[in-house]
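Read the structure below first, then the notes.
The values are calculated or read from the model by the stated rules, or taken from the named source; none is laboratory data. Since the model is a prediction, treat every value here as computed from it, not as a measurement. Because the Cβ atoms are built from the backbone with ideal geometry, glycine has one as well, and the counts that use them run over all protein chains shown. Please note that ligands, DNA and RNA were not included when accessible areas were found on the heavy atoms of the full protein model with its side chains. Shrake-Rupley method; radii C 1.70, N 1.55, O 1.52, S 1.80 Å.
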Amino acid sequence: MNFKKTTIKQLHTDLVSGNITAKDLYDHSMSVIDERDTSVNSFIEVFTDQQLDHSEYTHILSGIPVGIKDNILFKGKKVSSASQMLENYTASYDSHIAKIFKAQKAMIMGRLNMDDMAMGTSTESSYFGPTLNPLDESRVPGGSSGGPAAAVAAGMVPYTLGSDTGGSIRQPAACCGVVGLKPTYGAVSRRGLIAMSSSLDVIGPITNSVEDAETVFNVINEYDPLDSTSVPLKKRAEYQNKNKNNKVIGVPRSFLEVDGLNSEVLENFNDSLELMKKEGYTIVDVDLPNLQHALAVYYTLQPAEVSSNLARYDGIRYALSEKGENLVDGYKKTKTKGFGREVQRRIMLGTYVLSSGYHDEYYYKARQLRSKITQEIRDIFETIDILATPTAPNVAFKFGAKKDPISLYLEDVFKVPYKLTGNPALSIPSGKNSENMPFSMHFTAPMFCEQKLFEAGKDFERVIL
Ligand code: GLN
């Protein structure tokens, strides 16, 4: 058995026909975890309370192993966001996603590693130690969903769930040579996802193929009346009906001229687009002048939302609690101990851009630019079907290579624009460099048009083989 060489649909068919059992899948998953995870460190906790005696596989995900990023709540299970702050916290309710997975009778193998509170691009900041890239253990697996990407890349489970606020599904998928889907904001419920930046956080799958990403998306793509940002299905259809597929791919050429874009990455990107031409796609250059501001906008708005969301960790209501000489001292001691350096940096940055006197200069200006970028992207999708860039400017880097936080932030340059705008985006492996590290293609589509991503993504997988 090899999870990397099969699809979720095939596993389902084999379960239904009796070729394999859920116990076979569990045993296989456990054997790969035992073999690889001592060094890779993708699981924070492996669950041992599996229900293995399924007699019926009524749903597409029934009996199939899956790993979950450690920021999605499953009632009664620990959930830590890989942070000391939540090390001993147990979820008191089920996330919407947990409800779906329980109804599916999916086999939840455990909690997966990530950057502290989901802030990062390398999984180096996890309180539980870094996850290593299974393709080359001297390199990072990307982040913040490094555990979910590494677990799929190493064949421990056939698919995982991650979360993406500024690229945290797509970046690690790219670093580990697997597929990552960030659904449209509003397509998948955020209820029970530990909040970091509420206007940006999205849950999505990491898989071995575009087909599997589609299979999982079709299960989690639900309206949730208890999430105020979940979009009703009728409204989604309005977006979808506007868009016919004419196989036109737009490339924001001037945006690609950023400092630090590796020349091999660019070459691979251009070669990959040539291959898509043979599949009948038209490639056009598009001008999106405001995209160059997206990174600065993201790193203004994201910390602002972090500073407000993470205020709840006050050492009083729940999570870590450090005694202080007075109230403020208690806050200080709790946050200093519970949060790593990057989380503290974001809280300070966010508090600064929201403070009176700077609010207009930074936060408000960033919000205005967010609207401009969103309008620019909405307009461009009147003329094209897919927007393409590389997923990241570099392949997976070595541990410790990017100590300065700004150099890590720069890795997000191609992924954050579509977080600001809400559009769905897909990262797909596109070959390997001379050191056997994967390159990746990044496709974005109009709002709620994941279907376009899947069509183009499957075409891309065919040509890149
Ligand atoms: N690298 C981004 C950040 O650190 C992405 C985080 C995320 O998507 N969770 O903000």
- Item | Local electrostatic count at ALA319 - Lys and Arg +1, Asp and Glu -1, tallied over other residues with Cβ under 10 Å | 0
- Task: Just tell me which lysines come within less than 21 Å, Cα to Cα, of LYS277; anything on the same chain fewer than 8 places away is out.
- Result: LYS244, LYS247, LYS432, LYS452, LYS458
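Let me have the relative contact order for the chain, percent, based on Cα pairs under 8 Å that are six or more residues apart. Intermediate values should be presented prior to the final figure.
Numbers: 1045 pairs, mean separation 79.3, N = 465.
Taking the mean separation of contacting Cα pairs over the length of the chain, I get 17 percent.
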- Using label points projected 7 Å from each Cα along Cα→Cβ, tell me how many nm separate GLU56 and ASP287, to one decimal. 6.1 nm
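Measure off, as a whole percent, the carbon and sulfur share of the 1.4 Å-probe accessible area of region 302-366, all protein chains present.
Numbers: 2130 of 3900 Å².
On region 302-366, the fraction of accessible area on carbon and sulfur atoms equals 55 percent.
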- Which residues does a label at GLU267 reach in region 402-434, if reach means a backbone N under 13 Å from a point 7 Å past the Cα toward the Cβ? 432-434
- Message: Order HIS28, HIS442 by their accessible area, 1.4 angstrom probe, all chains in place, largest first.
- Response: HIS28, HIS442
- Neighbour net charge for SER199 - beta-carbon separation under 11 angstrom, K R +1, D E -1: +2
- Message: What is the sum of charges, Lys and Arg at +1 and Asp and Glu at -1, for the other residues whose Cβ falls under 9 Å from the Cβ of LYS77?
- Response: +2
- Item | Gain on full stretching of the segment that runs from LYS323 to THR13 - 0.36 nm per residue minus C-alpha separation | 106.1 nm
- Query: Hey, any idea what % of region 139-228's accessible area is carbon plus sulfur with a 1.4 Å probe?
  - Reply: 47 percent
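Percent of accessible area on region 370-448 owned by carbon and sulfur, 1.4 Å probe?
Working: 1320 of 2480 Å².
Answer for region 370-448: carbon and sulfur cover 53 percent of the accessible area.
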- Message: Please report the accessible area of LYS102 (heavy atoms, 1.4 Å probe, ligands and nucleic acids excluded) in Å², nearest 10.
- Response: 100 Å²
- Item | Sequence-separation-based contact order of region 343-431, relative, with Cα cut under 8 Å and 6+ spacing, percent | 28 percent
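Quick one: ranking THR300, THR90 by accessible area, 1.4 Å probe, largest first, what do you get? Kindly include the intermediate steps, with their values, before the conclusion.
Working: THR300 25, THR90 65 Å².
Ranked from most to least accessible, the order is THR90, THR300.
Which value, in Å², gives the accessible area per residue of region 87-231 when a 1.4 Å probe is used on the protein heavy atoms? Before the final figure, lay out the partial values.
Working: 3050 Å² over 145 residues.
Heavy-atom accessible area per residue stands at 21 Å².
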- Query: Expressed as a rounded percentage, what relative contact order does region 148-247 have, with Cα pairs under 8 Å and six or more residues apart?
  - Reply: 28 percent
- Could you name the lysines whose alpha carbon sits less than 19 Å from that of LYS75, not counting residues in the same chain fewer than 8 places away? LYS99, LYS102, LYS105
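Largest first, what is the accessible-area ranking of SER434, SER427 with a 1.4 Å probe?
Working: SER434 110, SER427 0 Å².
These residues rank, largest area first, as SER434, SER427.
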- What figure in square angstrom, to the nearest 10, would you give for the accessible area of PHE269 with a 1.4 Å probe? 0 Å²
- Message: Over all directions, how big on average is the projection of the convex hull of the alpha-carbon atoms in the chain, in square nanometres?
- Response: 21.3 nm²
- With every protein chain in place, what's the accessible area of ARG462 (1.4 Å probe, Å², nearest 10)? 130 Å²
